[in-house]
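Presented below is the structure to which this report refers.
The values are calculated or read from the model by the stated rules, or taken from the named source; none is laboratory data. Fair warning: this is a prediction, and the values are worked out from it, not measured in the lab. Note: ideal-geometry Cβ built from the backbone for every residue, glycine included; neighbour counts use all protein chains shown. SASA here: full protein model, heavy atoms, side chains in, ligands and nucleic acids out. Shrake-Rupley method; radii C 1.70, N 1.55, O 1.52, S 1.80 Å.
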Amino acid sequence: MTETLLLDKRTQGMIEGYVPAGEILTSLVRFFSIFSDSTRLRMLSALAISEMCVTDISRVLDINQTTVSHQLRFLKDAGMVRTERHGKIIFYSLVNEVVNDVLLKGVEFLGY
């Protein structure tokens, strides 16, 4: 038995063209998974205000330096943060404002 779609062909085509698939879907899943960890969220929020080194992030957010370093490596590999060396100290910052925009949209969605 064949089921009849209630959608018209034009709407169906628009949906099929809009819903992500393949590599785009995989990349989106990877992108949004970054926001699923509270430590990473706190670090991204702090970096939205100022570039910081591992020691500063650790002290300001009260997170173990090893954890901070591990999460920063994860965020750097994901393309969310960049580094800049000043002498012996490496400073981390957001790659661009889109990361902060995603955080702010989440807060807005939740009504805070």
Could you list, ordered by first residue, the pairs with Cβ atoms under 6 Å in which the first is in region 1-28 and without any contact (Cβ under 8 Å) to a residue 24 or more places away in the chain and the second is surrounded by 10 or more Cβ atoms within 10 Å (Cβ to Cβ) and assigned to a helix (DSSP H, G or I), at least 6 apart or interchain? Pro20/Leu28
Filtered residues of region 75-101 (kept if closer than 22 Å to Ser27 by Cβ and either free of Cβ contacts under 8 Å to residues at least 40 places away in the same chain or surrounded by fewer than 16 Cβ atoms within 10 Å (Cβ to Cβ) (or both)): Lys76, Asp77, Ala78, Gly79, Val81, Arg82, Val95, Asn96, Glu97, Val98, Asn100, Asp101
Looking at region 20-30, which of its residues are farther than 21 Å from Val98 by Cα and either open to solvent by 80 Å² or more (accessible area, probe 1.4 Å) or aliphatic (A, V, I, L, M) (or both)? Ala21
For region 36-54, which residues satisfy the criterion of being in contact with a helix residue (DSSP H, G or I) (Cβ under 7 Å, 6 or more places away or on another chain) and either open to solvent by less than 50 Å² (accessible area, probe 1.4 Å) or not basic (Lys, Arg) (or both)? Thr39, Arg40, Leu41, Met43, Leu44, Ser45, Ala46, Ala48, Met52, Val54
